[in-house]
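The values are calculated or read from the model by the stated rules, or taken from the named source; none is laboratory data. Since this is a predicted model, take the numbers as computed values, not measurements. Using ideal geometry, Cβ is built from the backbone for each residue, glycine included, and neighbour counts are taken over all protein chains shown. Heavy atoms of the whole protein, side chains included, go into the accessibility calculation; ligands, DNA and RNA do not. Shrake-Rupley method; radii C 1.70, N 1.55, O 1.52, S 1.80 Å.
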Amino acid sequence: MKKPLLQSAARARHGWHAIAALSATVGCFLTLSSAYGAGGAAEIPRLANGRPDFSGIWQTLSAADYDLEAHSDRTDAPPFAGAIQGGSIPYVPKALERKRRNFAARLTADPRLECWTLGTPRGIYYPEPFQIFERSQDLTIVFQFGDTVRDIHTNGTLHPLDTDNEFWLGDSRGHWEGDTLVVDVRDFNDQTWLDRAGDFHDEALHVVERWKFLDANTIHYQATLDDPGIYSRPWTLQILLYRHLEKNFHLIEDYCYTLDYDQYYPFPPSYRRPDPAGSAELRRAPADGDALIDASSTPAAPQAPKAPQAPRAPQASAGLGPRWEKTVPKIASGKWTGKRLPDGQPDVQGDWSNTIANQNNFTDPQGGIPGDPDRRGRPLGPRDQRAPSRVSDPADGQIPYQPWARAIQQRLQANFFNPVRPEYIEPLDRCAPAGIPKSFYWHGFEIRQFPGYVLLLFNSGHRIIQLDGTPHLPASMKLWMGDSRGHWEGNTLVVDVSNLNSKARFGRTGNFASENVHVVERYVFDNNGRRFNYVATFDDPTVYTRAWTATIPMRRFTVADRPNEWSYEVLTANAPGRPPLADHYERICQENNGGFGHVAASAPAVTAAAQPPARTQAPTQTPTQATH
């Protein structure tokens, strides 16, 4: 039995009509792409090492995701001549029967409807864009759907020696054959479909991809699939991918699995009532008897009996958890004298983690969660002997809430361990993105840099920081991770963050902002590349009496550090005869952990109407997510 590296949460549904309309809309732009740069191989974009550079935003016009095989006369799919060489998938008889059952149940059983990771190769021909970031040692593929991230390693490392691994996207190892990128993908789980028609595979799937430019703006993509228990022979699909050329086009966050819970965060709208005097809002927090958005589906509930909580990360055990520090180093903004990348950016790539505490308590980081019924006898010690508040301004270390907002924050904090209402459940427990600023102290994270971009890969979600001066998205668009535009000032990356939906909380103490918040971040790096301070100013007149600043210290982790289950979650790459290299876990959360993301274990009074139906599968956890 293989070891699944997975987790899960909610359900969301997308009809093909809406997606087909999107494809039709972008098609007028995409079909022009082959007219640009159409020439010989010498005119395709290349890295400094001479290899083809696939960096860019890509999308297919193919209808392969609706059904890889030829089809017509269907209300749930546009007609399509097929993407398979030879016409059809060569199933063995038993597997063909299962495919027919899948097809009959396709409108409800497709894992896509849960917003789960699409898998490989399906993510490539799904009708939403994806972005490739390429370096000499790897390609990072960020998919708009579900904001999934896939790594293709081109550094000569081999598949992991542990053959019990299972991955949603498989493990991808690439090499070059001339100008063709050949990618060997193994170690799959059996949870993904290949299309909406129910075509499928099992754990033995082996995929070989071939990526090749036809011109600077068109890629020929080919994938050969072999799965002896499912197919009678290997078979091949092929599609074309087109570069998006629209001005200012970029990926837009699509964490669709959070949609069922959006109404509860940062708190239900009923928490603020119209002011009869005519001012904007009545500044009061609700009482427990106040109605939620839908009182009929989620009535007020009595206090529920407490139950054991999810396990916590060890706080100081070598090899298991971090050794927290108690101070914040001083790092001044100034000239950068360290290593630079070819595009001129200071080179700060690598694995990083905060140094003082996890997300339990925002203003007393090492003080634990107030009211924790399971402190296990850990002494706190005097306040002045613990790390300072993450709030560095004002001087009292407290967020300057307006009175009504302070009352809501205290209510959310008081009910963290007894979440008898949907809004009391921490969004992260439903695998929602950790947001800003919590992503920086919810496990470690990785920084990757590319010309025009800084990419932050978190344990929960990711951020693409654009450095090209493009404008922010329209103000009406609100996102879990916001919309980030940055530039470098010496040793400091300055990032302007707008468009936050503020549904993610700052930690387990109920701290929050509103969707009107504006954040300015300063990542101040020391010149030896070992430390940086994250300094962020939050301005939100809806919630706060004044702007305030958070300061969070970070340190770099390298292969010289021992991996642990919080700050530095890596695997040792399979690289015989070479110095140690680190591989990263597949970043997966929402898939397949049963009821974990739906309601907290201690909240049986929250009715089933407040949660989407869960798929009947045993809950499991990834190593990176096992310590909520």
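Can you tell me which residues in the stretch 46-70 are of a type in the set (G, A, S), open to solvent by 10 Å² or more (accessible area, probe 1.4 Å) and part of a loop (DSSP other than H, G, I, E, B)?
A48, G50, S55, S62, A63, A70
Filter the stretch 474-500 down to the residues that are in a loop (DSSP other than H, G, I, E, B) and in contact with a strand residue (DSSP E or B) (Cβ under 6 Å, 6 or more places away or on another chain), then identify the one that is farthest from T363 (Cα to Cα).
This residue is N491.
Here is a list: V559, V520, V543. Which entry is closer than 25 Å to A332 by Cα and among the β-branched types (V, I, T)?
Among V559, V520, V543, only V520 is closer than 25 Å to A332 by Cα and among the β-branched types (V, I, T).
Restricting attention to the stretch 194-244, which residues are out of contact with any Lys or Arg (no Cβ under 7 Å at 6 or more places or on another chain) and of a type in the set (F, W, Y)?
Once the filter is applied, which keeps residues that are out of contact with any Lys or Arg (no Cβ under 7 Å at 6 or more places or on another chain) and of a type in the set (F, W, Y), the stretch 194-244 yields W211, F213, Y221, Y231, W235, Y242.
Which numbered condition trips up T75, out of (1) in a strand (DSSP E or B); (2) of a type in the set (V, I, T); (3) open to solvent by 30 Å² or more (accessible area, probe 1.4 Å)?
Single failed check for T75: (1).
Which residues, counting only those in the stretch 220-238, are open to solvent by less than 10 Å² (accessible area, probe 1.4 Å) and within 15 Å of G123 (Cα to Cα)?
Y221, A223, L225, L237
Looking only at strands (runs of 3 or more DSSP E) that fall completely inside the stretch 547-594, which ones have 3 or more residues that are closer than 25 Å to T117 by Cβ and touching an Asp or Glu at 6+ places or on another chain (Cβ under 9 Å)?
570-572, 582-584
Among the residues of the stretch 534-549, write down those that are open to solvent by less than 10 Å² (accessible area, probe 1.4 Å) and over 23 Å from the mean Cα position of the chain (by Cα).
D540, V543, Y544, W548
Of everything in the stretch 402-437 that's at pLDDT 90 or above and of a type in the set (K, R), which residue is most open to solvent (accessible area, probe 1.4 Å)?
Restricting to residues being at pLDDT 90 or above and of a type in the set (K, R), the top hit is R406.
Taking into account only those residues within the stretch 383-401 that are assigned to a loop (DSSP other than H, G, I, E, B) and in contact with a strand residue (DSSP E or B) (Cβ under 7 Å, 6 or more places away or on another chain), which is surrounded by the most Cβ atoms within 10 Å (Cβ to Cβ)?
Taking the candidates together, the pick is R390.
Output the qualifying pairs, or none if there are none: Cβ atoms under 9 angstrom, residues six or more apart or on different chains, first residue in the stretch 64-83 and at positive phi, second residue of a type in the set (S, T, Y) and open to solvent by 40 Å² or more (accessible area, probe 1.4 Å).
Close Cβ pairs satisfying both conditions: G82/S88.
Tally the residues that are over 25 Å from the mean Cα position of the chain (by Cα) and over 30 Å from S136 (Cβ atoms), restricting the search to the stretch 332-355.
Counting residues in the stretch 332-355 that are over 25 Å from the mean Cα position of the chain (by Cα) and over 30 Å from S136 (Cβ atoms) gives 3.
Restricting attention to the stretch 140-189, report how many residues are within 28 Å of I89 (Cα to Cα) and in a loop (DSSP other than H, G, I, E, B).
Qualifying residue count for the region: 11.
Which of the residues that make up the stretch 327-375 are charged (D, E, K, R) and buried (at least 20 other Cβ atoms within 10 Å of the Cβ)?
Of everything in the stretch 327-375, those that are charged (D, E, K, R) and buried (at least 20 other Cβ atoms within 10 Å of the Cβ) turn out to be D351, D364.
Just to be sure before I move on: is A560 aliphatic (A, V, I, L, M), out of contact with any helix residue (DSSP H, G or I) (no Cβ under 8 Å at 6 or more places or on another chain), closer than 29 Å to K339 by Cα and open to solvent by 60 Å² or more (accessible area, probe 1.4 Å) in the structure I sent?
Yes: the conditions hold for A560.
Test A618 against the criterion of being at pLDDT below 50, assigned to a loop (DSSP other than H, G, I, E, B), open to solvent by less than 60 Å² (accessible area, probe 1.4 Å) and of a type in the set (A, V, I, L, M), and give yes or no.
Spelling it out, it is not the case that A618 is at pLDDT below 50, assigned to a loop (DSSP other than H, G, I, E, B), open to solvent by less than 60 Å² (accessible area, probe 1.4 Å) and of a type in the set (A, V, I, L, M).
Can S88 be described as among the small types (G, A, S) and free of Cβ contacts under 8 Å to residues at least 60 places away in the same chain?
Taking the combined requirement at face value, the residue satisfies it.
Restricting attention to the stretch 24-44, does a residue exist that is at pLDDT 95 or above and buried (at least 16 other Cβ atoms within 10 Å of the Cβ)?
Scanning the stretch 24-44, I find at least one residue that is at pLDDT 95 or above and buried (at least 16 other Cβ atoms within 10 Å of the Cβ), so the answer is yes.
Being open to solvent by 20 Å² or more (accessible area, probe 1.4 Å) and over 23 Å from V142 (Cβ atoms) narrows it down to one residue among D202, D184; which is it?
None of the other options fit; the residue is D202.
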